[in-house]
1. Quick check: residue separation of Ala321 and Arg304 times 0.36 nm, minus the Cα distance between them. What number comes out in nm?
2. Report the Stokes-Einstein translational diffusion coefficient (µm² s⁻¹, integer) for segment 29-115, Rh taken as the Kirkwood radius over Cα pairs, at 20 °C with viscosity 1.002 mPa s.
3. Connecting C-alpha atoms closer than 10 Å in a GNM of the chain, tell me which of Ser119, Ser142, Ser358 has the biggest fluctuation.
4. Are there any trypsin sites (Lys or Arg not before Pro) in segment 30-116 that are in a DSSP loop and have at most 13 other Cβ atoms within 10 Å? List them by number.
5. Starting from the amide H of Arg287, placed 1.01 Å from N in the peptide plane, find each other amide H under 5 Å away whose residue is 5 or more places distant or on another chain.
6. For Val44, Val161, which order do you get if you count the other beta carbons within 10 Å of each Cβ and list the fewest first?
7. In terms of modelled amide H atoms, which long-range or inter-chain residues lie less than 5 Å from the amide H of Val292?
8. What whole number of Å gives the distance from the Cα centroid of segment 334-409 to the Cα centroid of segment 114-138?
Amino acid sequence: MSESGRPPSKNTDIPGRDGGSDKPPREPGGGILMGRFYGVPIYVAPSWFLVAALITWVFGGQLETVLPELGRIRYLVSLFFAVAFYASVLIHELAHTVAALRFRLPVRRIQLQFFGGVSEIEKESETPGREFVLAFVGPLLSLVLAGVFFGGMQLVESGTVPGVLLAGLMVSNLIVAIFNFLPGLPLDGGRMLRAVVWKISGKPMTGTVAAAWVGRGLAIAVLIGLPLLSYAGGLRDNGDGSGADSLTDALLAAILAAIIWTGAGNSLRMARLRERLPGLRARTLTRRAVPVASDTPLSEALRRANEAGARALVVVDGAGAATALVRESAIVNIPEHRRPWVAVSGLAQDLTPGMRVSADLSGEELLDALRAAPSTEYLVVEPTGEIYGVLSTVDVERAFLSAMSRPDA
């Protein structure tokens, strides 16, 4: 499965040094960094190792029946199959990434995880046509890979290790393609359905709602249908429909249904949030500020701010140009009896170019500007360069969470 078009991340952490550690780089929630593709990091989540072990065990059991002469070496062959299968999944995700970069959409990362991979594309496609192409290329590549492995099967003898491996990879890629073509979010087919409805209605949100609800319907169908198919197969094979396979299929159905249902709901919530992001405006979130000289005592600066109804302090030079921002956290840490003896310069953070943001910014552009230069406060300026006020990340995060917490329609 693949996901894309996620809303901007709220991450404002400042990257630190690794302290000379020789461990593979990790990202919170990302896993182990395995490499980069056109600058896009590729991570393997810890859950992948669990699935790889499970595939090795299951495929190894099948090899015992097909190629009993392998002995315990079958598990080494099975491990190779697990790695080759996820390499195919990675190619599927790389197709999404190439298309996204071609459309100038930033890709945060690629992650291989439980039940597949994810290409985290941070911005939404501008047109339904691009959205359709972006979703279509992934399962298309899986179909191409299935065809390649089928062609390879014609060049080797069946019943051999290469023949069994190629057959397994052909079938697995065909399943990945068919599964991802299912028309419900968060699957690629759901994004294709979203693009079609978007094109017909002219509203991307209408497409998202339709594809999300179809995705929820698919989740219910998987939850009920897969165990029924397994039971029917058991009746056909041994007459009673019982066995460990039926229980395994029921568990697999429950996991798949939960993933699809949750993914559909998340897609719907993220779409709702994107609709509300334009409400995050620098002008409405900015705190009024008063300019003060660097040698102004903190108590005097706060008195002026109170009189003016301001909630922020900007340090200016003799010409009135802003040079620094007085940090709110630093003010709180100064006892009131000491404030007449502490100059604001000792509590100020020098302005860097990234700490100046336009008062006209809103939505994703505003969040992108804040992520580009992580800080706790920003100087908000008019297009003419005049000081408008100070923007605190606390206020932005509060507004962001408020938008996320509104009930979905």
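Rule-based calculations on the coordinates, nothing more; no lab input. Here the structure is a predicted model, which is why all the values come from computation and not from measurement. Note that each Cβ is placed from the backbone with ideal geometry, even for glycine, and that neighbours are counted across all protein chains shown.
1. The Ala321-Arg304 span can extend by a further 4.3 nm.
2. 150 µm²/s
3. The residue with the greatest mean-square fluctuation here is Ser358.
4. Taking segment 30-116 and a limit of 13 other Cβ atoms within 10 Å, the loop trypsin sites (Lys or Arg not before Pro) found are Arg104.
5. For Arg287, the qualifying residues are Val390, Leu391, Ser392.
6. Fewest-to-most Cβ neighbours within 10 Å comes out as Val161, Val44.
7. Answer set, sorted by chain and number: Val314, Val315, Val316.
8. That distance is 32 Å.
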